[in-house]
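The values are calculated or read from the model by the stated rules, or taken from the named source; none is laboratory data. None of the values given here were measured: they were computed from a predicted structure. Please note: Cβ atoms are built from the backbone with ideal geometry, for glycine as well, and neighbour counts cover all protein chains shown. Note: accessible area is taken over every heavy atom of the protein model, side chains too, but ligands, DNA and RNA are not part of it. Shrake-Rupley method; radii C 1.70, N 1.55, O 1.52, S 1.80 Å.
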Amino acid sequence: MARFVLIGSGLAGGLLAAYLGRRGYEVELYERRVDPREGNIVGGRSINLAISTRGIHALEQIGIAEEALKHAIPMRGRMIHDKSGALHFSPYDVDPKNCINSIGRASLNTTLIEAAQRYPNVRVHFNHKCTDVDLNEAVCHLETETGKLTQRGDAVIGVDGAFSAVRISMQLKINNFHYDESYLAHGYKELTIPPAPDGSWRMEKNALHIWPRKSFMMIALPNPDGSFTCTLFWEFEGPRSFATTKTDDDVRQFFDEEFPDAMPLMPTLLEDFRNNPTGSLVTIRCAPWFYRDKVCLVGDAAHAVVPFYGQGMNAAFEDCVVLDECLERFSDNRERAFDDYFRRRKENVDALADLAIGNFIEMRDKTASKMFRAKKKLDHALEAVLPGIYLPLYTMVTFTRLPYAKAARRARLQDGIVVGGILLFVGISLLLLAAAIASK
């Protein structure tokens with residue numbers, strides 16, 4: 001059997017190692033960080049994970065969904081917080097069983113690594129940093145605290161995130177390699193709402209909380225210990241921004257003005273704001289994702305997206321499912337398998353990248369408006385009246401496995417039909433009204 005060298009034991013890396021191990025491949029998985037099971041997790045950069053249908057399907061295929069989701073918290077909709085403190089709940093779907101699930105990164109990563117290690121042909125190595133890849137020979141150059149080494153495989157797969165060392169080697173060594181990265185003008189900072197003294201949640205736990213404020217927003221996702229992980233998405237620069245908010249008094253005044261209902265629930269706000277890093281939000285597109293039968297990219301290494309559709313991890317897990325299918329279909333031709341995987345995924349993750357940026361605008365600008373909430377109610381009414389025929393975009397992306405690009409096209413078509421129907425109804429009503437007036 002072929003020997004795969006995987007670089008990156010994050011979420012997609014652990015899952016892919018399990019898929020390849022199940023197929024009988026020899027797998028060497030290298031990770032530059034320490035073993036997450038040792039508890040040395042760097043705080044402040046998690047953007048809590050929301051796993052939904054696509055990701056759950058990927059876990060089910062490898063038989064670990066129940067194990068992975070045992071501590072997940074279902075979120076049935078968005079809880080919108082006005083500046084006045086008023087709350088508005090908007091369900092994600094007409095079917096109350098359709099929900100997204102808040103899940104901790106560290107616990108899920110641990111579950112995936114342990115699932116991979118159940119296969120004796122999978123070996124995981126931590127504290128190994130990939131510095132370069134020989135594309136023609138499928139050789140990885142690695143560094144450890146004690147020195148340098150090389151690892152040869154039949155193929156190398158980069159599952160090492162948005163700033164992938166494997167992809168950088170491809171960028172430098174493949175002629176006409178297309179690469180594009182774009183950053184939002186907004187960054188993010190992670191904050192915390194701790195549990196109540198009795199360990200309970202201080203807000204509705206089965207909801208994703210959003211404080212939409214037009215040009216910026218804060219969100220909060222529940223954790224099993226009764227806390228909420230909050231993330232502030234705010235401009236890097238500007239009159240009111242991360243750049244101009246430096247002192248504790250600045251932070252306190254900003255939160256008092258913009259998030260008055262959250263402020264009393266955040267006793268460590270000043271410490272969190274001061275100590276947690278301000279992260280960037282990047283979209284990465286590249287092509288091709290593979291080089292001959294020697295190198296391939298999976299997950300954020302191939303297509304990082306901003307987190308506003310909650311689909312980054314779900315899309316990476318879907319990559320693992322599709323790559324596994326392609327390796328089975330073309331078991332005697334790995335280059336063809338890589339090519340088929342790339343062709344099946346590229347259009348869809350490009351569509352997801354656009355959807356994610358669009359959903360940021362929706363979450364921060366529109367969720368507080370009555371018109372937006374009315375549109376959501378109309379979506380759900382049409383879905384209830386036309387089951388299987390009319391599906392809101394969010395439902396297609398989050399609660400089905402319809403390809404992202406197909407979901408985006410179908411949503412545009414549906415919106416055109418709905419708008420056309422409304423205009424037709426208004427036009428006929430006006431004509432009838434005019435005729436009634438003329439007859440008097």
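Among the residues making up the stretch 219-239, those that are surrounded by 17 or more Cβ atoms within 10 Å (Cβ to Cβ) and in contact (Cβ under 8 Å) with a residue 60 or more places away in the chain are Ile219, Leu221, Pro222, Asn223, Thr229, Thr231, Phe233. Taken over the stretch 334-361, the criterion of being open to solvent by 30 Å² or more (accessible area, probe 1.4 Å) and closer than 15 Å to Val397 by Cα is satisfied by Glu347, Asp350, Asp354, Ile357, Gly358. Within the stretch 37-48, none of the residues are over 19 Å from the mean Cα position of the chain (by Cα), assigned to a loop (DSSP other than H, G, I, E, B), of a type in the set (Lys, Arg) and surrounded by fewer than 20 Cβ atoms within 10 Å (Cβ to Cβ).
For Lys370, the test of being under 19 Å from Arg76 (Cα atoms), without any contact (Cβ under 8 Å) to a residue 24 or more places away in the chain and open to solvent by 30 Å² or more (accessible area, probe 1.4 Å) is failed. Check the stretch 9-29 and report whether any residue there is closer than 24 Å to Pro307 by Cα, β-branched (Val, Ile, Thr), part of a strand (DSSP E or B) and touching a residue at least 40 places away in the same chain (Cβ under 8 Å). No, there is no match, as no residue in the stretch 9-29 is closer than 24 Å to Pro307 by Cα, β-branched (Val, Ile, Thr), part of a strand (DSSP E or B) and touching a residue at least 40 places away in the same chain (Cβ under 8 Å).
Would you confirm, using the coordinates I've provided, whether Thr395 is closer than 30 Å to Ser215 by Cβ, open to solvent by less than 40 Å² (accessible area, probe 1.4 Å) and at pLDDT below 80? Judged against the criteria, Thr395 is not a match.
Within the set Arg33, Arg23, the sole residue that is among the basic types (Lys, Arg) and either touching a helix residue (DSSP H, G or I) at 6+ places or on another chain (Cβ under 6 Å) or modelled with pLDDT under 95 (or both) turns out to be Arg33. At least 3 residues that are in contact with a strand residue (DSSP E or B) (Cβ under 7 Å, 6 or more places away or on another chain), open to solvent by less than 10 Å² (accessible area, probe 1.4 Å) and aliphatic (A, V, I, L, M) in each: list the strands (runs of 3 or more DSSP E) lying fully within the stretch 102-218 that qualify. Fully inside the stretch 102-218 and qualifying: 155-158.
Here Asn314 meets the list (1) in contact with a Gly (Cβ under 6 Å, 6 or more places away or on another chain); (2) at pLDDT below 95 almost entirely, failing just condition (2). Taken over the stretch 1-16, the criterion of being out of contact with any helix residue (DSSP H, G or I) (no Cβ under 9 Å at 6 or more places or on another chain) and either open to solvent by less than 10 Å² (accessible area, probe 1.4 Å) or not hydrophobic (A, V, I, L, M, F, W, C) (or both) is satisfied by Arg3, Val5. Within the stretch 96-138, the set of residues being under 21 Å from Ala65 (Cα atoms) and among the charged types (D, E, K, R) comprises Lys97, Arg105, Glu114, Arg118. Scan (1) within 19 Å of Leu6 (Cβ to Cβ); (2) surrounded by fewer than 22 Cβ atoms within 10 Å (Cβ to Cβ); (3) not aromatic (Phe, Trp, Tyr) for the single condition Ser90 breaks and write down its number. Checking Ser90 against (1) within 19 Å of Leu6 (Cβ to Cβ); (2) surrounded by fewer than 22 Cβ atoms within 10 Å (Cβ to Cβ); (3) not aromatic (Phe, Trp, Tyr), the one that fails is (1).
Checking Arg54, Arg76 one by one, the residue that is open to solvent by less than 40 Å² (accessible area, probe 1.4 Å), modelled with pLDDT of 95 or more, charged (D, E, K, R) and closer than 23 Å to Thr395 by Cβ is Arg54 and no other.
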